[in-house]
1. Inspect all residues belonging to the range 168-183 and state whether any of them is more than 27 Å from P256 (Cβ to Cβ), touching a helix residue (DSSP H, G or I) at 6+ places or on another chain (Cβ under 9 Å), small (G, A, S) and in contact (Cβ under 8 Å) with a residue 60 or more places away in the chain.
2. Quick check: is even one residue across the range 333-342 in contact (Cβ under 8 Å) with a residue 40 or more places away in the chain, within 24 Å of S304 (Cβ to Cβ) and polar (S, T, N, Q)?
3. Of the residues that make up the range 60-76, is at least one in contact with a helix residue (DSSP H, G or I) (Cβ under 7 Å, 6 or more places away or on another chain), under 18 Å from L127 (Cβ atoms) and hydrophobic (A, V, I, L, M, F, W, C)?
4. Counting just the residues of the range 266-312 that are assigned to a helix (DSSP H, G or I) and of a type in the set (G, A, S), which one comes out surrounded by the fewest Cβ atoms within 10 Å (Cβ to Cβ)?
5. When you scan the range 447-489 for helices (runs of 4 or more DSSP H) that lie fully inside it, which ones turn up with 3 or more residues that are under 40 Å from the mean Cα position of the chain (by Cα) and within 18 Å of R286 (Cβ to Cβ)?
6. Could you list, in sequence order, the residues of the range 240-253 that are out of contact with any strand residue (DSSP E or B) (no Cβ under 7 Å at 6 or more places or on another chain) and surrounded by 17 or more Cβ atoms within 10 Å (Cβ to Cβ)?
7. E378 fails exactly one of the following numbered conditions: (1) at negative phi; (2) surrounded by 19 or more Cβ atoms within 10 Å (Cβ to Cβ). What is the number of that condition?
Amino acid sequence: MNWDDRIEEIHRRREMAKAQGGPEAVAKQHAKGRLSLRERIDSLLDDGSFAELGRGAGVAERDEDGNLTGLTPANFILGFGRIGGQTCVVGGEDFTVRGGSPNPAGLRKSVYSEEVALEYRVPLVRLHEGGGGSVTGSGGKGSSGPIGESVGHGHRFNSVARTLGTVPVASAALGPVAGLPAARLVASHFTVMTRETAQVLIAGPAVVERALGVKMTKEELGGPEVHLKSGAVDNVAEDEEDAFRQIRRFLSYLPPNIDHLPPVVSCADPVDRCDDRLAGIVPKDRRKAYDQRKLIGMVVDEDSFFEMGRQYGPGQIVGLARMNGHAVGIFGNDCRFYAGAMTAEGARKARRFIEFCETFHLPILAFVDEPGFMIGPESEKAGTIRPGTAAVLAAASCRVPWCSILIKKSYGVAAAAHYGNHAHVLAWPSAESGPLPVEGGVAVAFGREIAAADDPEAMRRDLEERMAERQSPFARAESFAYHELIDPRETRPMVCQWLDLNTHRIAQLPTLGPRTFPTRP
């Protein structure tokens, strides 16, 4: 092959690779309501910013004279691009080629995606749709050793682990995702799946039926209704474009890597804004619930709250927001689920979020309404005390600035998960705290007297009301148990002031080095 022929083949290979699995395969993908991978990348990234790696990688087909007649492209597309002007690495399985199950070049590009994100220290975005693996393995010669095995090269998942401690990682499930791609999907800081087209599976229906004799559809095994509650996926998207919007928004709060601080954006929302609705948002009847998400929205920069994992551990609220343009982590309680009590799932959610904020230098605002760990036989069977204590220790070892706004309840060991190391504490007039909630304290301390009373319920109510009065936040404020007892309407100005006072501490965080988390219970 002469020089001109080689140059020509380079360009022909690239054109053939752009065809992906061919027009019929792409049309079939569209018929299922799914975009092709190249369309997904173009939709996610800033216009014209994609710079592909390995454009001609794949298996060539040649005639007897050695002339190129066809190309089965690598079924993992990888490259650089920009999201909101920030450079990132993006990659994903091409379902139009072998259903996304990796061929040799595709597997190599897939594995390389973490390596290149680490080398350039930029965020990584994975767009997943594909099956578990390939019988040819990483060597392409029929090897089929253990998934982590790579003789002389270290563990295949080592770069996946290092990536999570170095750069932001966001992943989307946009179709059926099983086996190895499913593992890579959840090895992320943020995961989203499309409501109508995505399933996340360890193994598909055929394997499950053969092994367990259980017949189920892909949706029943691993659809959004399963995994939003399992915690394997954080959010659901109405369609692919919504998934891309969520990924773009998630990354907008974060630095490119742990060597930098989160970006600060311009803010038109006044720092001294005092929302009058905050004065009445907590009902005077302490048994009535309220909407803490509305409360959070009244405090943070307008329309800046981005929640993650709402249906998993629903008593705990976590997400990202901004205060005067600064990115912050939000940690709260939804008192409409078990009064906001911390379940095993809620504790795992809280710990993961705290450590995420630690990794990327996000100050934490905790809106506290915590009645304690969930109690009862189901909670004990779930081993709640172990993940619950792990969440407490994650908060206790925090280096990022932490401000806790005590809205209502702060009881038991679980409440300690809402106060970081040296937390700044602001309390509302509705605040109440102690070792046990009022109802539990009365039951323990006065159980015999209540049982012997002529009207047990009347006596119980009277004792609960009297004990609630004794837990007035004014007495605690007088003893300097809080940094400040505030009018709820002052919350935004007070938090913005606190954040401004911590500017120098935040600036030092990247200099402290990578965060390594100790063994938890």
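The values are calculated or read from the model by the stated rules, or taken from the named source; none is laboratory data. All figures in this text were calculated on a predicted structure; none of them were measured in a lab. Note: ideal-geometry Cβ built from the backbone for every residue, glycine included; neighbour counts use all protein chains shown. Protein only, heavy atoms only, side chains kept; ligands, DNA and RNA dropped before computing areas. Shrake-Rupley method; radii C 1.70, N 1.55, O 1.52, S 1.80 Å.
1. Scanning the range 168-183, I find at least one residue that is more than 27 Å from P256 (Cβ to Cβ), touching a helix residue (DSSP H, G or I) at 6+ places or on another chain (Cβ under 9 Å), small (G, A, S) and in contact (Cβ under 8 Å) with a residue 60 or more places away in the chain, so the answer is yes.
2. Yes, the range 333-342 has at least one match.
3. Taking every residue of the range 60-76 in turn, at least one turns out to be in contact with a helix residue (DSSP H, G or I) (Cβ under 7 Å, 6 or more places away or on another chain), under 18 Å from L127 (Cβ atoms) and hydrophobic (A, V, I, L, M, F, W, C).
4. G280
5. 456-470, 473-478
6. F244, S252
7. So the condition that E378 fails would be (2).
This table checks each residue for (1) at pLDDT 95 or above; (2) open to solvent by 10 Å² or more (accessible area, probe 1.4 Å).
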residue: E370; (1), (2): yes, no
residue: P387; (1), (2): yes, yes
residue: A395; (1), (2): yes, no
residue: N421; (1), (2): no, yes
residue: G434; (1), (2): no, yes
residue: V442; (1), (2): no, no
residue: A445; (1), (2): no, yes
